[in-house]
Amino acid sequence: MASVPSNTYSRPLDGQVRLMTKVARMYHERGIRQADIAEALNISQAKVSRLLKRAASVGIVRTIVTVAPGVYAETEERLEQHFGLAEAVVVDVDPDADRDDTLAALGAGAAAYLEATLSGADRIGVSSWSQTLLAVVDRMRPFAARGATEVVQLLGGSGAPEVQGHSHHLLGDLARILGAEAVHVQAPGIVASAEIRDSLLADPAMQEISRRWRELTMTIMGIGNIEPSDVLASSGNAFAAGERAELLADGAVGDICHRTYRLDGSPVQESFDERVIAIPVDDLRRIPRRLGIAGGPHKVDAIRGALAGGWVNALVTDLRTAQTLLGD
C-alpha cells in the first residue's frame, strides 16, 4: 500500500481528509496496529477501520502489486483469457536451453504449482510414460499433510523390463510424496488387437480401474508429439512407425495418454485407437482439473491442439512457448 500526496486532490482539505491521511500513514507506512492508532488519536477502533476503508475508496491509499522476478503474471493471464484456461503457469527458461534444461524448468515449475494447490482430497490421474512428469516428481518434496487420496495411472503401465521402472517410479514416488494410494494399471498401453483390449477391459481388475477413472478430480499429464520420447519408444508402448505415418497423414499433431488429436483438437479415430488401454476420451474430459505440462518449440502444435480440444484446462509451459502460443 502507498499513501497518495494530498496535492492530488483539487477540493480543499477538511478535517476528515486530514484524519484519513494520518490514519492511513500510521497504518500502512509505519505499521501501527489499528487498536494503537485508536488509542493515540482518541477515537474508536471501529472508526479507524472505517477511515482506512474510506481512504482506499477515495484514492488516498492505492494498492500496487510488485511482480517478483521470474513470475510472468501478465502472460499467464493472457493465456488463461485467450484459451479459456482455469490456470496457466509460465516458467523461466534460458533462451539457449536445450530439451533437458527445459524439462528441468518445467518440472520445477509444475512441482511448485502442485505443492501450492493440492488440497488433500484430490483423486489424481497420471500419464504413465512421460519424461516431463518424471521431472516433476523428481523435484517434489514430501507433503507434511496428505496431498491426495489416490494416484491412478491413466494409461497401461506395463512395458519392457528394461524401462518398466520408469512407470513404477513415477507413480510410486508421486503417491509416496503425496501420502496417497498408488493404483497401477497392470496392462500394456497398446495391445495387438481390439479383441485383446476388450478382453482385458472386461477383467474385474480393469473394471475397478475404469470405475476409479470415472471418479478422478484431477489429472497430471504430459503432452506428447506423435513421435515418441526415448522412454516411451523403448517401453514397447509406442505406435509403430507405419501407424505414426497414418496418424500424421490424418493430421495428428499431439498425443495425451495415447489418444491422438489434430491441431483443432479433434480426436483422430483410427483402427489402432481401439487397441489402446487408457482412460476413455469422454471420461478424461469430464475430470474437473486437467493439467498439461509441456514446453519447447517441438511441442507448440501439440499444446495448441490440446488447448483447442479441451484436453487440458490448466497448463504449465515455458515463456518462449507461451509467447509463441499467443502470437507474440
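Every number in this text was worked out from the coordinates using simple rules, so none of it is lab data. Values in this document were obtained by computation on a predicted structure and should not be read as measured data. We place every Cβ from the backbone using ideal geometry, glycine too, and count neighbours over all the protein chains shown.
Between ARG286 and ALA112, residue separation times 0.36 nm minus the direct Cα-Cα distance comes to 60.1 nm. With the cut-off at under 18 Å, measuring from each backbone N in segment 80-99 to a point 7 Å along the Cα-to-Cβ line of SER119 picks out 86-88. Distance between the C-alpha centres of segment 290-324 and segment 69-89: 12 Å, rounded to the whole angstrom. Spacing of the modelled spin labels on ARG62 and THR149, each 7 Å from Cα toward Cβ, amounts to 4.8 nm. Taking a Cβ cut-off of under 12 Å around TYR261, the surrounding Lys, Arg, Asp and Glu residues balance to a net charge of -2, with basic ones at +1 and acidic ones at -1.
Rounded to whole numbers, the Karplus 3J(HN,Hα) couplings from phi for segment 83-93 are 10, x, 7, 6, 7, 10, 10, 10, 10, 7, 10 Hz, using 6.51 cos²θ - 1.76 cosθ + 1.60 with θ = phi - 60°, and x at Gly and Pro. Above 31 Å lies some portion of the pair distances; for the chain, what is it as a whole percent of all C-alpha pairs? So the pairs more than 31 Å apart make up 43 percent of the total in the chain. Extension gain, ASN225 to GLU270, is 14.5 nm, computed as 0.36 nm per intervening residue step minus the present C-alpha separation.
Centre-to-centre, using Cα atoms only, segment 187-212 and segment 120-146 are separated by 24 Å. Each other residue within a Cβ distance under 12 Å of MET140 adds +1 if Lys or Arg and -1 if Asp or Glu, for a net charge of 0. Applying both filters, DSSP loop and at most 13 other Cβ atoms within 10 Å, to the trypsin sites (Lys or Arg not before Pro) of segment 16-68 gives ARG30, ARG33.
Highest mobility in the GNM of the chain, judged by mean-square fluctuation with C-alpha springs under 10 Å and restricted to ILE303, ILE37, ILE279, is found for ILE37. Computed per residue of the chain from DSSP H runs no shorter than four, each worth -39500 (n - 2.57), the mean residue ellipticity at 222 nm is -12500 deg cm²/dmol.
Taking Lys and Arg as +1 and Asp and Glu as -1, the other residues whose beta-carbon sits under 9 Å from that of ASN225 total -2. Helix 164-178 and the long axis of the chain differ in direction by around 30°, with both axes built from C-alpha atoms. Counting only residues at least eight positions apart within a chain, or on another chain, the aspartates and glutamates with an alpha carbon under 15 Å from that of LYS22 are ASP14, ASP36, GLU39. Structure remark: mean-square fluctuation, Gaussian network model of the chain, C-alpha springs under 10 Å; the largest value among LEU170, LEU133, LEU200 belongs to LEU200.
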